[in-house]
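Derivation of every value follows stated rules applied to the coordinates shown; laboratory data play no part. As the structure is a prediction and not an experimental result, all values here were calculated from the model. Backbone-built Cβ (ideal geometry, glycine too); neighbour counts: all protein chains shown.
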Amino acid sequence: MDTRTVGILGGGQLGRMIVEAASRLNIKTIILDAPNSPAKQINAMTEHVNGSFSNPKDIEEIAKKCDVLTVEIEHVDVPTLKKLQKQLPKLEIYPSPETIELIQDKFVQKEHLIKHSIPVAASQAVKSTKEDLLRIGQEYGFPYLLKSRTLAYDGRGNFVVKSPAHIDEALETLKDRPLYAEKFAPFVKELAIMIVRSIDGKVYSYPTVETIHQDNICHVCYAPARVPDSVQAKAQILAENAIKSFPGCGIFGVEMFYLEDGELLLNEIAPRPHNSGHYTIDACVTSQFEAHVRAVLNLPMPKNFSQLSTTNTNAIMLNVLGDKEEKNKELQMCERALNTPSCSVYLYGKESKPNRKLGHINIIGSSMEECERKLDYILSEETAYKA
Ligand code: ATP
Ligand code: MG
Ligand code: MG
């Protein structure tokens, strides 16, 4: 479909699923990450680069071998990308380095969103001192969140400051990291939306979904979200407006809080495929991964491509995390999923470790009740699925 080579910074599961989508279109991808990373395992190219997406030399090496450079993670070295943009004018980098820079520091991201009138929880930069954290408690009340501005994922980098007595532990946990404080958002549900932005700046919204976290890691995702249609539509407009404010193209994940009073606050944006969009592989006309490939290569994106496959398609995505007690025990859940109609299992080629994201299961049904029955079975100890 396109003779250009796409280089991907990062070879984890998101990179692996980008490779899968690209390969169906005969699009060549090469990866920068450690040897045998999940994306390299399914891609027999010889031009891969062994190294790190945070190392300037390694990024320069892969950049020379590709026409379009993209990312599966936001924690990449942006100064190198900016330098390459000048040195190699023919190289296209998506999402744009400016966008990655605005997003990778979560506090800078918040300020950018406020500037563009996107509602977010109140936040401010803080010093790593007891006095400053006490002052925040007086201003925001307890609990509030102390967050690392950079290198955050799966809640590692967040601390919920429940009372003045928790401040010492918060400082110890997040020591040596640049911090900001955020007011607690009393949400009733967490919502998420994938948005794809084309090279000409148009934005296309996927359905509004509902995510449920356990230990700060996404556990399940309901598509569409179990909220009124009006809330789903409002969330899509909010997400579209947010993504319109970032230059460049590609897929974005937008996380939101749905509050008791019906208001929506944007939590954070990921400039890449997102865990809350894995359901799109089986439930939507085009997956988030193929949408990303189409966006960065300027391939067609017809009007309906981000919609659910049919008007009665419902989906639940269940993350497969490493069992906390017994290595590989999570595979039992995958076996039950294989034994269930309209379920697909995706494993990422990673070694089982407690709570590590090892795969996901997409459950499809013509109603959410049907999906929930299948989910109950997969999470049970039962041997057979009873329809
Ligand atoms: P991710 O893996 O999504 O990148 P992260 O480490 O960047 O996660 P956040 O998205 O900031 O972390 O927070 C993780 C979770 O903590 C949120 O999904 C939400 O459940 C909770 N949380 C974060 N900020 C707030 C807030 N201001 N009020 C209430 N809960 C919050
Ligand atoms: Mg994050
Ligand atoms: Mg998050």
Checklist outcome for this item: The answer for the net charge of residues other than residue 57 whose Cβ lies under 15 angstrom from its Cβ, with Lys and Arg +1 and Asp and Glu -1, is -2
Item to check | Mean shadow area of region 225-358, taken as a quarter of the surface of its Cα convex hull (nm²) | outcome: 10.4 nm²
Item to check | Alpha carbon centroid spacing (whole Å) that separates region 82-116 from region 154-194 | outcome: 25 Å
Item to check | Dimensionless Rg/Rh of region 44-84 - Kirkwood Rh, Rg from C-alpha atoms | outcome: 0.93
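In this model, which of 40/324; 183/324; 234/303; 189/244; 28/90 are farther than 21 Å apart at the alpha-carbon?
40/324; 183/324; 189/244
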Item to check | Rg/Rg_globular for region 274-317, with Rg_globular taken as 2.2 N^0.38 Å and Rg from C-alpha atoms | outcome: 1.15
Checklist entry - Within a Cβ distance under 13 Å of residue 177, other residues only, what is the Lys/Arg minus Asp/Glu net charge? => result +3
Next on the checklist: Quick check on packing: order 298-308, 102-112, 329-339 by the mean number of other C-beta atoms within 10 Å, highest mean leading.
Outcome noted: 102-112, 329-339, 298-308
Checklist entry - When every alpha-carbon pair in the chain is counted, what percent end up more than 39 Å apart? => result 16 percent
Checklist entry - Tell me, Kirkwood radius of region 47-160 from alpha-carbon pair distances, in Å? => result 16.4 Å
Checklist outcome for this item: Log entry: pair-distance distribution for region 188-299, C-alpha pairs binned every 10 Å from zero, whole % per bin is 15, 50, 30, 5, 0
Checklist entry - Taking the C-alpha atoms of region 285-387, how large are the radius of gyration and the largest Cα-Cα span, Dmax, in Å? => result 16.0, 47
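Normalised by the number of residues in the chain, what is the relative contact order in percent for Cα pairs under 8 Å and 6+ residues apart?
Values: 829 pairs, mean separation 49.1, N = 387.
In percent, rounded to a whole number, it is 13.
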Checklist outcome for this item: Sorted on mean Cβ neighbours within 10 Å (highest first), peptides 47-59, 240-252 come out as 240-252, 47-59
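What per residue convex hull volume, in Å³, comes out for region 230-281 when only alpha-carbon positions are used? Don't jump to the answer; show the numbers that get you there.
Details: hull volume 4.7 nm³, N = 52.
Measuring per residue, one finds 90 Å³ for the Cα hull of region 230-281.
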Checklist entry - Which value at 222 nm does the chain reach when only helices count, each DSSP H run of 4 or more adding -39,500 (n - 2.57), with the total divided by all residues and rounded to the nearest 500 deg cm²/dmol? => result -9000 deg cm²/dmol
